[in-house]
Amino acid sequence: MTKKILAGMVCLAMALTMFPGVAQGVTQEEWDELMDQFEKLQDKYDELLTLYTALLGGTTPAAGVPAACAGMTSFTRDLYQGISGDDVKCLQALLNTDPATQLDAAAGAAGSPGNETTFFGPLTHGAVVKFQNKYAAEILTPIGLTAGTGYVGPATRPVLDEMLTGPECVEDDDCLSGFICVGGECVPAVECETDADCPDDYVCEAGLCKEEVVEPEEGWLTARWLPTPTGVEVNWGASDVAVGAIELKARDSDITVNRIDINFDAVPWHKIDYLALYDGDDPVKGTDIDSGTVSEITFGTDYRLRLSGLDIDVSEGGTKDITIKVNTPTIPRTPGALTMTTGADAIRGVDTARIYQYATCAGNRQFTVAAAGLGARIETKINADTPEEGFAVIDPDTATQHEVLAFDLAVTRSSARVRTVTVTLSTTTNINAVKLYDGTTAIGSEAAAATTSFTDLEVDIAEDTTKTLTVEVEYAATSTAGTVTASIAADDVLAASANEEACTYAGSAAGNAIYFWEVVPDIDLVSQSLSLVEDQTDKANAELKFRVTALGGDIFVSATATDIVGSSTASTSEYNLDTTGLTATAANSYRVAEDQSQTFTVAGYLDNNAGTAGFFSFYLSLFTWDTTDGGTTNAWDNTNWMVEDIKTSTLYLTD
């Protein structure tokens with residue numbers, strides 16, 4: 001839209017100046033009125049041109065940048081004594097904005113504020129030296145200089161460029177009418193209905209977004225050491241190791257924390273060479289640790305690091321967690337513990353009333369730098385997906401492979417390559433082989449032994465990551481049942497640390513029992529209920545409904561009344577097997593055909609009149625089955641893993 005307005009005005013101006021004949025048919029009075037309108041349009045054109053140029057980042061300089069720098073966004077060449085150009089004039093103007101770097105020229109003389117020239121002479125050279133000395137940390141120190149040179153080169157130009165591209169505005173008043181200051185830039189005012197329609201820190205007033213005015217309030221700042229991390233062991237050559245964390249809390253006002261002092265109980269640069277504060281994953285400020293950045297308070301016992309200019313915003317009633325991370329030298333220096341404290345008034349912030357608020361953390365946080373290089377630490381842990389206690393159906397004609405253990409190897413302090421894993425089996429009977437997998441890839445296969453070792457492995461695990469491995473066994477082609485468990489101890493894992501130091505080991509992993517059967521019933525709960533008898537508080541009716549599925553062959557459930565039993569811990573209880581839909585064989589069994597299911601229902605009655613009030617349930621306490629009709633070989637009680645979950649919820653009964 002702005003471009004169209006400007007284009008229209010340019011066309012009108014050209015028509016009136018290049019073709020005056022168009023006005024020959026009008027009176028002088030009409031001509032004068034027409035020219036008056038043109039002059040007004042010309043004024044509007046000039047205003048819009050200024051606005052348009054500013055919006056496009058054109059020749060109008062940002063707020064606070066000298067007019068001599070109009071059109072410049074950076075210094076594109078080196079400047080030195082004897083050179084001339086508009087960029088020299090901009091340089092002089094920038095230097096004259098700060099009394100500490102002004103050219104030493106008399107008021108009103110060439111080179112003085114407002115009287116800048118395009119020539120780089122001795123006065124400009126001297127002012128550049130003062131500028132470089134003032135910003136030594138940014139200009140001189142990185143290139144190994146200690147004093148300004150007066151030469152505007154690659155180290156100086158970026159600092160000047162930053163002054164050229166400073167924020168266009170600081171507040172709304174710096175912008176033209178109809179514009180507001182957002183993020184240092186003038187942008188068109190936003191129409192709104194609610195505050196949600198406006199940028200951050202703006203509110204909706206009279207249909208337009210206006211800068212929110214925060215009423216100044218005196219606040220209160222508190223701080224404490226967070227429980228973790230603490231007692232961290234740091235290896236030589238480590239980086240970004242979290243050794244402590246501070247919680248900052250603002251009360252009664254927003255508070256901006258701008259300084260944190262950390263005291264050490266020993267010479268810190270003997271143990272660490274860098275320290276940084278982090279807000280979550282975002283770095284706040286870091287510094288090298290040496291005698292130049294740390295102040296000695298008491299020789300040998302008290303050293304203070306001051307971290308200022310932090311600008312950590314803590315909202316009223318909110319908290320901000322600041323983590324302390326350190327680096328250690330690659331070449332070991334002085335090992336041992338280093339304790340961090342914050343002295344009185346060590347943490348300083350300012351509230352919205354512009355009043356300084358101070359806090360400290362009670363107690364301390366200690367970390368230890370290793371006496372020698374520490375190799376990777378490898379902790380063995382059971383994986384959540386390790387097989388639960390259960391069964392595997394075997395085949396008398398074909399060997400059966402089944403997973404028996406899933407375990408994790410968690411590596412810290414350094415990356416590692418796992419070379420050996422040893423698995424202990426509860427039995428080797430009928431087990432042909434033991435196999436180790438990384439995902440779906442077999443990385444080892446060995447003949448079964450009580451302790452089966454997988455050697456010459458090359459399982460690489462990066463520092464601070466975890467690798468999951470699984471163990472499977474190959475069960476022989478047989479009808480003979482068996483039970484297998486697998487386990488791994490801490491010293492059953494051997495690895496090489498990437499930093500060539502000795503590894504340390506911890507933890508263990510023990511798998512659940514896996515039952516290998518040719519034929520087995522799979523029992524699962526279908527439904528359960530337990531409710532009080534009407535108008536009674538010490539008596540309840542119960543019902544268990546469970547499904548039996550025959551795997552590997554037919555199974556026969558004993559039809560004898562005392563072979564399928566429901567029980568309770570109430571003072572007395574009764575049970576009854578509902579035989580509806582069940583047909584017993586001549587040998588008094590309920591046959592469940594292979595891969596078929598049969599539902600059984602056991603009803604119960606609980607009477608706690610003679611007992612002690614409490615919570616009670618009804619459960620399947622005995623399930624008897626066999627692979628032959630009429631047999632009762634397998635009598636599973638409620639301690640058996642297949643039966644233990646066949647129970648009701650609990651119910652309170654009085655006595």
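The values are calculated or read from the model by the stated rules, or taken from the named source; none is laboratory data. On a predicted model such as this, the values are computed, not experimentally measured, just so you know. Counting neighbours? That spans all protein chains shown, and the Cβs are built from the backbone with ideal geometry, glycine included.
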One residue from Thr323, Thr339, Thr334 being outside any strand (DSSP E or B), in contact (Cβ under 8 Å) with a residue 24 or more places away in the chain and at negative phi: Thr334
Loosely packed, with under 15 Cβ neighbours inside 10 Å, without any contact (Cβ under 8 Å) to a residue 40 or more places away in the chain and over 24 Å from the mean Cα position of the chain (by Cα) - does that describe any residue in region 386-394? no
Residue pairs qualifying under the 6 Å Cβ cut-off, at least six apart or on distinct chains, with the first in region 523-536 being part of a loop (DSSP other than H, G, I, E, B) and the second being of a type in the set (A, V, I, L, M, F, W, C) and surrounded by 13 or more Cβ atoms within 10 Å (Cβ to Cβ), are none
Look through region 337-363, keep the residues that are small (Gly, Ala, Ser) and surrounded by 18 or more Cβ atoms within 10 Å (Cβ to Cβ), and return whichever of them is farthest from Ile255 (Cα to Cα). Ala346
Name the residue, out of Thr441, Thr451, that is in contact (Cβ under 8 Å) with a residue 12 or more places away in the chain and either surrounded by fewer than 16 Cβ atoms within 10 Å (Cβ to Cβ) or β-branched (Val, Ile, Thr) (or both). Thr451
Taking region 374-385 as the region of interest, how many residues are over 25 Å from the mean Cα position of the chain (by Cα) and farther than 16 Å from Val411 by Cβ? 0
Determine if region 538-546 includes at least one residue that is under 19 Å from Asn634 (Cα atoms) and modelled with pLDDT of 95 or more. yes
What is the residue count in region 543-600 for residues that are of a type in the set (Lys, Arg), closer than 17 Å to Ser527 by Cα and in contact with an Asp or Glu (Cβ under 8 Å, 6 or more places away or on another chain)? 1
Is it the case that some residue within region 96-119 is part of a helix (DSSP H, G or I) and surrounded by 20 or more Cβ atoms within 10 Å (Cβ to Cβ)? no
Residue satisfying condition, being out of contact with any His (no Cβ under 8 Å at 6 or more places or on another chain), closer than 24 Å to Thr537 by Cβ, at pLDDT 95 or above and polar (S, T, N, Q), within set Ser597, Ser617, Ser621, Ser589: Ser617
In this structure, does Leu123 turn out to be under 22 Å from Val65 (Cα atoms), buried (at least 18 other Cβ atoms within 10 Å of the Cβ) and modelled with pLDDT of 95 or more? yes
Tell me whether region 485-498 contains one or more residues that are outside the structural domain of Asn640 (by TED's automatic domain parsing), in a strand (DSSP E or B) and of a type in the set (D, E, K, R). no
Residue tally, condition of a type in the set (Ser, Thr, Tyr), over 24 Å from Gly553 (Cβ atoms) and part of a loop (DSSP other than H, G, I, E, B), over region 593-646: 3
Given the residues Ala223, Ala250, which is the only one that is assigned by TED's automatic domain parsing to the domain that holds Ala353, buried (at least 18 other Cβ atoms within 10 Å of the Cβ) and of a type in the set (A, V, I, L, M, F, W, C)? Ala250
Taking the condition loosely packed, with under 14 Cβ neighbours inside 10 Å, among the charged types (D, E, K, R) and at pLDDT below 90, does Glu162 pass? yes
Quick one: in region 136-159, of everything that is in contact (Cβ under 8 Å) with a residue 60 or more places away in the chain and not in a helix (DSSP H, G or I), which residue is surrounded by the fewest Cβ atoms within 10 Å (Cβ to Cβ)? Pro154
Against the definition (loosely packed, with under 14 Cβ neighbours inside 10 Å and more than 29 Å from the chain's Cα centre (by Cα)), how does Thr334 come out, yes or no? yes
